[in-house]
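*Asks:* Structure in structure tokens, see below.
The values are calculated or read from the model by the stated rules, or taken from the named source; none is laboratory data. Since we're looking at a predicted model, the values are computed, not measured. With ideal geometry, Cβ positions are generated from the backbone for all residues, glycine too; neighbour counts draw on all protein chains shown. Only protein heavy atoms, including side chains, enter the accessible area calculation; ligands, DNA and RNA are left aside. Shrake-Rupley method; radii C 1.70, N 1.55, O 1.52, S 1.80 Å.
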Amino acid sequence: ISLEKFYKRTKNIGKVIPEEILGKIAFSVISALEYLHKELTVIHRDVKPSNMLINREGNIKICDFGISGYLVNEIARTVDAGCKPYMAPERIDIAPEAERSRYDTRSDVWSFGISMIEISTGIFPYEVWPTIFEQQKQVVMEESPRLPIEGSFSQDYQNFINQTLQKKVEDRPKLKKLLMDPFLLHHSTAQTNVACFVAEILDS
């Protein structure tokens with residue numbers, strides 16, 4: 001099942017996805033994106049909850065490589081590939097085209113951060129826009145979304161998400177560095193029973 005359907009089902013039955021499950025999701029997706037980059041020199045370009053999968057065995061995977069692209073000297077060169085609501089500021093149409101045509105895996109990191117806020121809270125972090133231009137203007141001009149300070153999210157998780165949503169691409173960590181973040185380091189080895197939680201939600 002996609003994580004988009006999974007978080008909506010979780011919300012519909014009055015539950016939330018615990019942070020220990022979110023940590024496993026985050027570690028799995030970032031690890032997969034780093035594998036694509038390191039082993040295949042590929043950038044995904046369409047990271048969003050509907051392209052993340054979770055199953056009853058507790059496995060988390062990323063899918064839909066239809067618009068993935070090869071990197072040349074770490075840089076992608078196709079401008080318009082991807083789902084615009086999850087697109088990083090440096091890839092938005094109102095950014096200079098010279099900048100939009102040169103981006104790297106940090107654009108996937110932004111899309112991942114937006115996706116994780118959506119999965120964590122059950123709400124897409126930007127308002128619904130009347131036009132795509134208004135959406136793009138908000139992404140470029142306004143402050144980045146954040147996890148709610150009031151709530152059950154740890155400071156480590158908030159700090160991790162804040163890193164992924166740095167507006168300036170040069171301030172946003174690459175995948176390899178993210179894997180060394182304390183939040184992901186913890187969840188890389190944590191004994192979390194993801195399968196049990198998935199079954200609880202799907203069988204409710």
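*Asks:* Run the accessible area of the chain with a 1.4 Å probe and give the carbon-and-sulfur part as a rounded percent.
*Replies:* Numbers: 5260 of 10060 Å².
Roughly 52 percent, rounded to a whole number.
*Asks:* Here's another thing I want to ask about it. Which whole-Hz couplings ³J(HN,Hα) result when phi for each residue of the range 126-135 is put into the Karplus expression 6.51 cos²θ - 1.76 cosθ + 1.60, θ = phi - 60°, listed in order with x for Gly and Pro?
*Replies:* Computed from phi, the couplings for the range 126-135 are 10, 5, 7, 9, x, 9, 5, 5, 5, 4 Hz.
*Asks:* May I ask you to derive the FRET efficiency for Asn12 and Glu39 from their Cβ-Cβ distance with R0 = 30 Å, giving the value to the nearest 0.05?
*Replies:* Values: r = 38 Å, r/R0 = 1.26.
Here the calculated transfer efficiency is 0.20.
*Asks:* Hey, can you find the accessible area per residue of the chain for me, probe 1.4 Å, expressed in square angstrom?
*Replies:* On the way: 10060 Å² over 204 residues.
Result: 49 Å² of accessible area for each residue.
*Asks:* With each label point set 7 Å from Cα along the Cα-Cβ vector, what nm distance links Cys196 and Ile132?
*Replies:* For Cys196 paired with Ile132, the spin-label model returns 4.5 nm.
*Asks:* Can you give the Rg to Rh ratio for the chain, taking only C-alpha atoms and Rh from Kirkwood?
*Replies:* Values: Rg = 16.3 Å, Rh = 17.2 Å.
Rg/Rh: 0.95.
*Asks:* Which whole-Hz ³J(HN,Hα) couplings does the range 31-42 yield from phi under the Karplus relation 6.51 cos²θ - 1.76 cosθ + 1.60, θ = phi - 60°, glycine and proline marked x?
*Replies:* Listing the rounded values in order: 4, 5, 5, 5, 4, 4, 5, 6, 8, 10, 6, 10 Hz.
*Asks:* When the dipole is taken about the Cα centre of the chain, and only Lys, Arg (+1) and Asp, Glu (-1) are charged at their Cβ, what size is it in debye, to the nearest 20? Walk me through the numbers before you get to the answer.
*Replies:* On the way: 25 positive and 28 negative charges, 49 e Å.
With only Lys, Arg, Asp and Glu charged at Cβ, the dipole is about 240 debye.
*Asks:* Kindly rank 121-127, 182-188, 28-34 from highest to lowest mean number of other beta carbons found within 10 Å of each residue.
*Replies:* Working: 121-127: 14.7, 182-188: 17.0, 28-34: 20.7.
Taking the mean over residues of other Cβ atoms within 10 Å, the ranking is 28-34, 182-188, 121-127.
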